[in-house]
Amino acid sequence: MRFFSFLAMAILFVLTACTGGSDSPAAQKALDQWFPNQYKIVGKHGGDWYNSLLEVEAKNDPKLRFTLDWVNKEANGELQKADVEKAIEAAKVNRPLAESMLAILKKNALEAVSVGVNRRENQVEIVIYEDPFSQIFSAQLVQISKLVQDWAKSNNWLSCFFTLRVIEASERGKYYPEIFDARLLGGRNDWATNKSLVTAQANVLDENSMLLLPSTVSLGLEREKTFRQKAHAQVVDFLSAQFPDALHHVELQSMVTSSLELENMNEIRYSFPYCPLSEETKVSGSCQGRFAGRVSAYYNLKSNTVDNIGMESGIVPGF
């Protein structure tokens with residue numbers, strides 16, 4: 001018996017080597033060997049030097065999905081049959097929970113949504129597809145978190161770590177199905193990182209965490225980067241006009257602060273530190289903490305314009 005197990009793994013190793021480093025075909029062959037004609041790989045996420053996340057779907061039940069870790073630097077990805085079996089069993093638990101949460105959201109007029117549940121980690125991940133930069137969003141955040149809280153209590157959860165992610169309506173159906181594996185919202189998901197407009201998080205069964213939920217609202221990294229760069233460019237122009245006889249370096253990342261106006265979701269306030277441009281600054285590309293002052297600017301999310309640019313008072317030169 002050990003011989004045949006060894007032979008199977010040897011065959012898997014050879015098949016993997018023949019794929020030229022492409023993990024999905026090798027992993028698919030392993031799944032076909034262990035679970036003939038039952039599962040297919042439908043996506044790969046991450047792809048850094050160390051590992052990836054493979055998304056798998058049951059052929060006879062497309063709503064049953066799970067993810068598998070694949071270690072890129074290993075020839076066989078360190079994929080084991082036992083790990084696949086655990087992922088399948090977890091999906092069978094998570095899927096009906098996600099379906100029940102989805103039904104509650106739709107009953108409350110939230111149609112453009114996707115849901116992922118990870119019972120083992122007490123996680124609920126919800127994606128809504130819309131423009132969050134409206135007065136509706138703040139009310140929706142409260143509504144959805146309360147629905148998740150009631151749902152978690154009804155399922156006798158002791159804690160429930162809830163993440164809400166907002167993605168443009170035009171992206172609906174391009175990546176997430178209505179029911180997805182909650183692990184897809186992890187750090188290895190480049191698509192979610194790039195497409196997210198807003199995220200918020202809380203343990204909905206902890207009242208203190210619920211009170212802090214609005215303060216966790218943050219802009220997606222890629223979208224915020226675009227806003228910041230536009231505001232930064234206009235702050236540079238503003239300083240040039242203020243000091244026509246002197247050049248300044250304005251920080252783009254270091255010590256820049258930002259705050260999202262939550263009540264109406266209509267603007268971001270930026271505060272950019274600056275310093276005189278010197279040879280040292282040119283070489284380092286930074287003020288290195290020695291600021292001459294700060295300039296504030298407001299990015300209007302409705303009009304996509306930058307306004308109310310002005311010098312901030314109370315800044316000690318050299319701080």
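Some points to look at:
- Single residue of 240, 254, 259 found to be of a type in the set (S, T, N, Q) and part of a strand (DSSP E or B): 259
- Looking across the stretch 83-115, the residues that are farther than 23 Å from residue 71 by Cβ and crowded, with 18+ Cβ neighbours inside 10 Å come down to 94, 95, 97, 98, 101, 102, 105, 113, 114, 115.
- Residues being outside any loop (DSSP other than H, G, I, E, B) and surrounded by 18 or more Cβ atoms within 10 Å (Cβ to Cβ) - total across the stretch 123-139: 8
- Residue that is farthest from residue 310 (Cα to Cα), among those in the stretch 262-288 that are out of contact with any Cys (no Cβ under 8 Å at 6 or more places or on another chain) and assigned to a strand (DSSP E or B): 276
- Candidates 154, 138, 114, 159, filtered to the one that is free of Cβ contacts under 8 Å to residues at least 24 places away in the same chain and among the hydroxyl-bearing types (Ser, Thr, Tyr): 154
- Matching residues, the stretch 293-307, being of a type in the set (Phe, Trp, Tyr) and open to solvent by 50 Å² or more (accessible area, probe 1.4 Å): 298
- Test: residue 212 is free of Cβ contacts under 8 Å to residues at least 40 places away in the same chain and in a helix (DSSP H, G or I): yes
- Among the residues here, residue 159 qualifies as outside any helix (DSSP H, G or I) and either open to solvent by 30 Å² or more (accessible area, probe 1.4 Å) or hydroxyl-bearing (Ser, Thr, Tyr) (or both).
- Residue list for the stretch 95-143, filter: among the small types (Gly, Ala, Ser) and on the phi > 0 side of the Ramachandran plot: 109
- Residues of the stretch 274-292 classified as open to solvent by less than 60 Å² (accessible area, probe 1.4 Å) and either in contact with a His (Cβ under 9 Å, 6 or more places away or on another chain) or over 16 Å from residue 246 (Cβ atoms) (or both), total: 10
- Selection status of residue 124, of a type in the set (A, V, I, L, M) and more than 22 Å from residue 223 (Cβ to Cβ): yes
- Hits in the stretch 188-246 - residues which are closer than 25 Å to residue 308 by Cα, within 12 Å of the chain's Cα centre (by Cα) and either open to solvent by less than 30 Å² (accessible area, probe 1.4 Å) or at pLDDT 95 or above (or both): 197, 198, 219, 220
- For the stretch 215-237, the set of residues classified as assigned to a loop (DSSP other than H, G, I, E, B) and hydrophobic (A, V, I, L, M, F, W, C) consists of 217 only.
- Output for the stretch 76-108, where each listed residue is within 21 Å of residue 29 (Cα to Cα), of a type in the set (Asp, Glu) and either in a helix (DSSP H, G or I) or touching a Cys at 6+ places or on another chain (Cβ under 8 Å) (or both): 83, 85, 89
- Within the stretch 13-46, the residues that satisfy the criterion of being in contact with a helix residue (DSSP H, G or I) (Cβ under 9 Å, 6 or more places away or on another chain), surrounded by fewer than 16 Cβ atoms within 10 Å (Cβ to Cβ), at pLDDT 90 or above and closer than 17 Å to residue 57 by Cβ are 38, 40.
- Residue 174 passes every criterion in (1) part of a loop (DSSP other than H, G, I, E, B); (2) surrounded by 13 or more Cβ atoms within 10 Å (Cβ to Cβ) apart from (2).
The values are calculated or read from the model by the stated rules, or taken from the named source; none is laboratory data. Because the structure is a prediction, the values reported are computed rather than measured. Cβ coordinates were reconstructed from backbone atoms using ideal geometry, including for glycine residues, and neighbour counts include every protein chain displayed. All accessible areas refer to the heavy atoms of the entire protein, side chains included, with ligands and DNA or RNA removed. Shrake-Rupley method; radii C 1.70, N 1.55, O 1.52, S 1.80 Å.
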